[in-house]
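A.B. asks: Supplied in structure tokens, the structure appears directly below.
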Amino acid sequence: MDSIIFSGNSNPELTAQITSELKIPLGKAEIIRFADSECRVRIEEDVEGKNIFVIQSLSNPVDEHLMEFLLMGDAVKRGEPRKMIAVLPYHSYARQDRIHRPGECLSAQVVAKMIESVGFDKLITLELHNESIVGFFKIPVVHVSGLEVFRKRVTDLKEDVVIITPDAGALKRSQKFAESLDLPLALIEKKRDLERPHKILSMRVVGDVKNRTAVIVDDVIVTGGTLINAAFLLKEKGAKKVIAAATHADFVGGADKILQDSPLDQVWVTDTIFIPPSKNFPKLKISSIASTLSGTMAKMVK
Ligand code: R5P
């Protein structure tokens, strides 16, 4: 069965690695922007009866990348593919997964409806902020953990490691990771200021981190605030070294510089979101997620 991969503009570097690993051709597509910023997508391949993947990381600028992805899905669907599979290495709006204050929107559900309305048959995604948003979809969702790529990094440390969950919401993910490595787990209780985005009110460590290497496991780094505050706290509590391991890195507002200058000893991320050389820094170690994704995609076209 013929397959084609189409890619939006958010992370062509990752798509290139995936197409080369899977030996599936990259479909030609035209994505143009009008002067008023509207986007138009036209695919230049015959997709009828074929398995089609549409890859796009919904990273910053989020709405631009989301719209491009939806329009690409619509263009493909009109060509009557056999199956159309969405591949979102980074799924944005996943943090808005519940109504925190009366009057708020439920963004994760809205985005799920938008993806389905275009006609995707399946979704592959990585390290959702909260796995339960899978329940917002009627189509099957394959949710892959991005943390696998960090396991070898942890064992290579050959140190006395404790895994840290940076907030209660991330507990399940960190627990699974700690169990898979047979390592102890400690928790940080984080209270966010719901009136001010990215602002943290307080943090408290629960568990023993003294004289250990603390590896904080998170889904995404944006401003770096969560991890930097956690690193200060963990060092204060006696951690020998603090390492951050997050699947997605959508650095904004000088996060690269503040992470480099922080008490963090290393920052491990993957390439689900393209990191330009200008945002790279000495403490940053980037692992490729291409094989994890292509392994999952290969199972869909057998
Ligand atoms: C929040 O609950 C997430 O899991 C991340 O910890 C958070 O979004 C990271 O954002 P920032 O880097 O701005 O603290």
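The values are calculated or read from the model by the stated rules, or taken from the named source; none is laboratory data. Owing to the predicted nature of the structure, the values given are computational and were not obtained by experimental measurement. Cβ: placed from backbone, ideal geometry, glycine included. Neighbour counts: every protein chain shown. These accessible areas exclude ligands, DNA and RNA; they are computed on the full protein's heavy atoms, side chains included. Shrake-Rupley method; radii C 1.70, N 1.55, O 1.52, S 1.80 Å.
A.B. asks: Looking at (1) open to solvent by 30 Å² or more (accessible area, probe 1.4 Å); (2) modelled with pLDDT under 95; (3) assigned to a loop (DSSP other than H, G, I, E, B); (4) of a type outside the set (A, V, I, L, M, F, W, C), which is the one condition that is false for K138?
C.D. replies: The failed condition is (2).
A.B. asks: A further question follows. Condition first: open to solvent by 50 Å² or more (accessible area, probe 1.4 Å) and either over 30 Å from P140 (Cα atoms) or free of Cβ contacts under 8 Å to residues at least 12 places away in the same chain (or both). Now tell me which residues in segment 267-302 satisfy that.
C.D. replies: Keep residues of segment 267-302 that are open to solvent by 50 Å² or more (accessible area, probe 1.4 Å), which gives 274, 277-280, 282, 285-286, 288, 291, 299, 302.
Residues satisfying the conditions are P277, S278, K279, N280, P282, K285, K299, K302.
A.B. asks: So, one more: Could you list, in sequence order, the residues of segment 112-169 that are within 16 Å of the ligand (Cβ to nearest atom) and of a type in the set (A, V, I, L, M, F, W, C)?
C.D. replies: Applying the first criterion (within 16 Å of the ligand (Cβ to nearest atom)) to segment 112-169 yields 125-133, 143, 145-147, 150, 163-169.
Within segment 112-169, L126, L128, I133, L147, F150, I163, I164, A168 qualify.
A.B. asks: Related question: Of the residues that make up segment 288-300, is at least one of a type outside the set (V, I, T), within 15 Å of the ligand (Cβ to nearest atom), at pLDDT 95 or above and at negative phi?
C.D. replies: From segment 288-300, those of a type outside the set (V, I, T) are 288, 290-291, 293-295, 297-300; that's our starting set.
Going one step further and asking which of them are within 15 Å of the ligand (Cβ to nearest atom), we end up with none.
No, segment 288-300 contains no residue that is of a type outside the set (V, I, T), within 15 Å of the ligand (Cβ to nearest atom), at pLDDT 95 or above and at negative phi.
A.B. asks: Ok, one more. If the Cβ limit is 6 Å and pairs must be 6+ apart or interchain, which residue in segment 168-195 that is in the same structural domain as K235 (by TED's automatic domain parsing) and open to solvent by less than 50 Å² (accessible area, probe 1.4 Å) pairs with which residue that is more than 15 Å from the ligand (Cβ to nearest atom) and in a helix (DSSP H, G or I)?
C.D. replies: From segment 168-195, the pairs are L181/V154.
A.B. asks: Quick one: which residue in E45, E30, E64 is in contact with a strand residue (DSSP E or B) (Cβ under 8 Å, 6 or more places away or on another chain), farther than 19 Å from P197 by Cα and in contact (Cβ under 8 Å) with a residue 40 or more places away in the chain?
C.D. replies: Numbers: E30 fails: in contact (Cβ under 8 Å) with a residue 40 or more places away in the chain; E64 fails: in contact (Cβ under 8 Å) with a residue 40 or more places away in the chain.
Of the residues listed, the single one that is in contact with a strand residue (DSSP E or B) (Cβ under 8 Å, 6 or more places away or on another chain), farther than 19 Å from P197 by Cα and in contact (Cβ under 8 Å) with a residue 40 or more places away in the chain is E45.
A.B. asks: If you don't mind, there's one more thing I want to ask. Evaluate segment 99-110: report whether one residue or more is open to solvent by 70 Å² or more (accessible area, probe 1.4 Å), closer than 23 Å to N9 by Cα and not assigned by TED's automatic domain parsing to the domain that holds D218.
C.D. replies: Initial filter on segment 99-110 (open to solvent by 70 Å² or more (accessible area, probe 1.4 Å)): 99-103, 105, 110.
Narrowing further to those that are closer than 23 Å to N9 by Cα: 110.
Pick out the ones that are also not assigned by TED's automatic domain parsing to the domain that holds D218 and you get 110.
Yes; the residues of segment 99-110 include at least one that is open to solvent by 70 Å² or more (accessible area, probe 1.4 Å), closer than 23 Å to N9 by Cα and not assigned by TED's automatic domain parsing to the domain that holds D218.
A.B. asks: Let me ask something else. Here are I228, I243: which of them is open to solvent by 10 Å² or more (accessible area, probe 1.4 Å), within 22 Å of the chain's Cα centre (by Cα) and outside the structural domain of R95 (by TED's automatic domain parsing)?
C.D. replies: The match here is I228.
A.B. asks: Using the structure shown, decide if A214 is more than 10 Å from the ligand (Cβ to nearest atom), part of a helix (DSSP H, G or I) and crowded, with 21+ Cβ neighbours inside 10 Å. Break it down into steps so the answer makes sense when it comes.
C.D. replies: Working: more than 10 Å from the ligand (Cβ to nearest atom): yes; part of a helix (DSSP H, G or I): no; crowded, with 21+ Cβ neighbours inside 10 Å: yes.
It is false that A214 is more than 10 Å from the ligand (Cβ to nearest atom), part of a helix (DSSP H, G or I) and crowded, with 21+ Cβ neighbours inside 10 Å.
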